[in-house]
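Below you'll find the structure, written out as structure tokens, and then a few comments.
The values are calculated or read from the model by the stated rules, or taken from the named source; none is laboratory data. Every value quoted in this text rests on a predicted model; they were computed, and no experiment measured them. Cβ: placed from backbone, ideal geometry, glycine included. Neighbour counts: every protein chain shown. Side chains are part of the model used for accessible areas, which takes the heavy atoms of the whole protein and leaves out ligands, DNA and RNA. Shrake-Rupley method; radii C 1.70, N 1.55, O 1.52, S 1.80 Å.
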Amino acid sequence: MSNFGESASPRIDPQQLQDFLAVVEHGSITAAAAYRFTGTSSVSQSIARLERRVGGKLFNRGRAGATLTARGRNFIDPARDALAALDRLVIDSESVLSAFPHLSVATTASLADDPTAVLLGALRTKVPNLRITISDPPGSSVADAIHPVMAGTADVAIMESPPTGVPGTRIVRLPDHNLRLVCPPGTPAPVDGVFVGEDLMRIGLVVAPRFETSDVYRHLRSIEPRIDHAFVMRSQHRDVFADFAYEGIGAVILELSSAERASQRGCTVGEILELPPRKIAAVARDGQNTQIVEHFLRLCAEQSVREP
């Protein structure tokens with residue numbers, strides 16, 4: 001037993017076991033990272049933490065890759081047994097909780113309202129006993145929403161700028177978002193209803209985390225290289241972005257229907273010069289999904305072909 005004030009030894013994370021076995025099966029940290037759809041530094045650090053926990057080296061690292069030490073060879077079967085036991089525990093838990101199906105979703109704040117809330121509302125109407133978990137994906141990029149799906153910690157990701165050709169994934173395109181600039185009440189309407197880069201600099205922008213990794217940011221930077229200096233506030237609370245504009249803090253970029261509601265409250269709304277629609281998709285694993293996930297993906301597919 002540890003003394004008061006001392007931290008207990010950290011438990012082994014199942015991800016560390018998965019990373020270990022991936023290196024065993026693929027022969028190198030680089031190949032394991034590609035298989036696990038993560039960075040080499042992430043896998044390397046995971047193995048290092050595991051080695052500290054078990055008290056010795058599991059691999060000898062060299063130019064030819066990673067070769068198992070004696071300790072590493074002896075650790076293979078226990079690692080596999082531990083993960084198999086966890087799988088059995090999950091299966092048993094799912095059978096107990098089958099009366100309460102669950103869906104876990106990874107998405108960024110910028111998509112929490114539309115389409116995430118709309119889609120989940122439609123799903124729960126059809127499955128009233130559904131339990132839902134929404135998580136903000138780790139990482140600093142909008143593209144990071146896919147990682148929880150690949151790691152198996154989320155059933156589906158709803159993300160902008162969806163990737164293409166990622167092995168093991170199923171991607172369902174959702175309707176593009178037509179975006180508008182929502183400005184504080186009293187802001188002069190732009191010429192021909194279109195705001196330009198100089199307008200953004202004058203009014204100021206409220207943005208969400210990860211904004212600099214989005215296609216919208218890349219477009220704004222192309223029309224106004226100084227766009228970073230226009231940011232007056234950054235907030236995770238996307239649901240009140242219209243309030244931020246209404247209270248005069250700065251302009252916000254919203255999906256068309258949200259912008260129209262803000263216009264009814266007195267905000268000035270207009271287009272942004274040549275801003276393309278935001279592309280969105282639902283991403284799940286391919287061929288490894290529960291009935292609830294499949295049901296949700298069908299709803300996504302139905303929305304994608306629905307007339308605007």
statement: Per the charge dipole of segment 169-237 (beta-carbon charges, Lys/Arg positive, Asp/Glu negative, Cα centre), the residue among 214, 196, 178 reaching farthest to the positive end is 214
query: So what does log10 I(q)/I(0) come out to for the chain at q = 0.07, 0.08, 0.15, 0.16 Å⁻¹, using the Debye formula with one equal point on every Cα and no solvent?
result: -0.38, -0.49, -1.16, -1.24
- prompt: Counting other Cβ atoms within 10 Å of each Cβ, which GluC sites (Glu not before Pro) in segment 155-247 have at most 15 and sit in a DSSP loop?
  reply: 247
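Per Stokes-Einstein, at 10 °C and 1.306 mPa s, what whole-number D in µm² s⁻¹ belongs to segment 225-268, with the Kirkwood radius over Cα pairs as the hydrodynamic radius? Please report the intermediate quantities before stating the final value.
Working: Rh = 11.2 Å.
The estimated diffusion coefficient comes to 142 µm²/s.
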Residue-normalised accessible area of segment 248-307, given per residue in Å² at a 1.4 Å probe: 51
statement: Over the chain, the sum of -39500 (n - 2.57) across DSSP H runs of at least four, divided by residue number and rounded to 500 deg cm²/dmol, gives at 222 nm -12000 deg cm²/dmol
- prompt: Which loop trypsin sites (Lys or Arg not before Pro) in segment 211-304, with loop taken from DSSP, have no more than 11 other Cβ atoms within 10 angstrom of their Cβ?
  reply: 226
query: Leaving out ligands, DNA and RNA but keeping every protein chain, what accessible area does residue 35 have, in Å² rounded to the nearest 10, with a 1.4 Å probe?
result: 140
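For segment 206-308, what does the convex hull of the Cα positions come to per residue, in cubic angstrom?
148
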message: Once ligands and nucleic acids are excluded and a 1.4 Å probe is used, how much of residue 140 is accessible, expressed in Å² to the nearest 10?
response: 90
message: Report the gain in length on full extension from residue 232 to residue 189: 0.36 nm times residue separation, minus Cα-Cα distance, nm rounded to one decimal.
response: 13.4 nm
field: In order through segment 42-50: 3J(HN,Hα) via Karplus (6.51 cos²θ - 1.76 cosθ + 1.60), integer Hz, x for Gly, Pro
entry: 5, 5, 4, 5, 4, 5, 4, 5, 5
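Magnitude of the Cβ-charge dipole of the chain, K/R +1 and D/E -1, about the Cα centre, nearest 20 debye?
On the way: 32 positive and 35 negative charges, 223 e Å.
Dipole magnitude for the chain comes out near 1080 debye.
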- request: Express the carbon and sulfur contribution to the solvent-accessible surface of segment 195-308 as a percent, rounded to the nearest whole number, probe 1.4 angstrom.
  value: 49
- prompt: Once you charge only the Cβ atoms, +1 for Lys and Arg and -1 for Asp and Glu, what is the size of the charge dipole of segment 182-262 about its Cα centre, to the nearest 20 debye?
  reply: 220
query: With θ set to phi - 60° and the Karplus curve 6.51 cos²θ - 1.76 cosθ + 1.60, what are the ³J(HN,Hα) couplings of segment 179-188 in order, to the nearest whole Hz, using x for Gly and Pro?
result: 9, 9, 8, 10, 10, x, x, x, 5, x
